[in-house]
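In what follows, a structure is listed as structure tokens, so that the remarks can point back to it.
Just so you know, all these numbers are worked out from the coordinates, no wet-lab data involved. The model shown is predicted, which means the values in this text are computed figures rather than measured ones. Positions of Cβ are backbone-derived with ideal geometry, glycine not excepted, and every protein chain shown enters the neighbour counts.
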Amino acid sequence: MFSVLKQVGDYAKSTIQAAKYIGQGLSVTFDHMSRRPITVQYPYEKLIPSERYRGRIHHEFDKCIACEVCVRSCPINLPVVNWQFNKENKKKDLKDYSIDFGVCIFCGNCVEYCPTNCLSMTEDYELATYDRHELNYDSIALGRLPYKVTQDPMVTPLRELAYLPKEVLDPHDLPSGSRRAGKRPEDIIKETETLSQ
Ligand code: SF4
Ligand code: SF4
């Protein structure tokens, strides 16, 4: 008798939980039903990527000391560092540096561990080519100045949807001077410094 009552109790509990989850799912559906579709007229309009977006890697050839830390920290040992030992100053001379973006997983490990900060992740996401071998960037391609949506005179930059202020659903209707949602990275750094003092 006791076990039957326990089974009925469990069943009722599961039913209530299932109804709660269905309700949660439907609330998201109904919320979207009241929204109008937003069209970003790419490539004339582009969304501004988030500050921590991990796009094409930029390499500063003159700052690189050919230490190969980036190769060791890369999960697939991807960067190719071509250097020659200079007997006069007993240092490595960098000859060429390349990363194949057809293989790179954009994890950012190499950027994180580079001791001279000569690597950085850019906002550049338009890497599509017809030939995958063209994704193997040499030091000249890696050294090209990073593309920025906000600095392209041909493009209307739109605020990324996740950063729209509360109650604003369309980046086209953004009131001028409105603050973006969430904290900016510099605000977070300032807060962390204050807390650590
Ligand atoms: S870790 Fe930095 S300095 Fe060292 S080889 Fe790689 S890019 Fe150059
Ligand atoms: S981003 Fe990651 S996968 Fe790409 S080269 Fe750097 S460490 Fe390797």
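Structural remarks
- Relative to the Cα centre, the charge distribution of segment 5-133, modelled as +1 at Lys and Arg Cβ and -1 at Asp and Glu Cβ, gives a dipole magnitude of about 520 debye.
- Estimated FRET transfer efficiency (Cys67, Lys13; beta-carbon r; R0 41 Å; 0.05): 0.10
- Here Phe101, Phe85 are placed in order of increasing Cβ neighbour count within 10 Å, fewest first, which gives Phe85, Phe101.
- Segment 147-187 and segment 46-119 have Cα centres separated by 30 Å.
- With one equal scatterer per alpha carbon and no solvent term, the Debye-computed log10 I(q)/I(0) for segment 140-181 at 0.30 1/Å reads -1.08.
- Measuring nothing but how far apart in sequence close Cα pairs (under 8 Å, 6+ apart) lie, relative to its length, segment 22-169 scores a relative contact order of 32 percent.
- Within the same chain, lysines fewer than 8 places from Lys6 are excluded, and of the rest, those with a Cα less than 29 Å from its Cα are Lys20.
- Summarised as an ellipsoid, segment 34-124 has semi-axes of 36, 13, 11 Å, derived from the eigenvalues of the Cα gyration tensor scaled by 5 and square-rooted, with the largest first.
- Cα convex hull, the chain: 285 Å³ per residue, rounded to a whole number.
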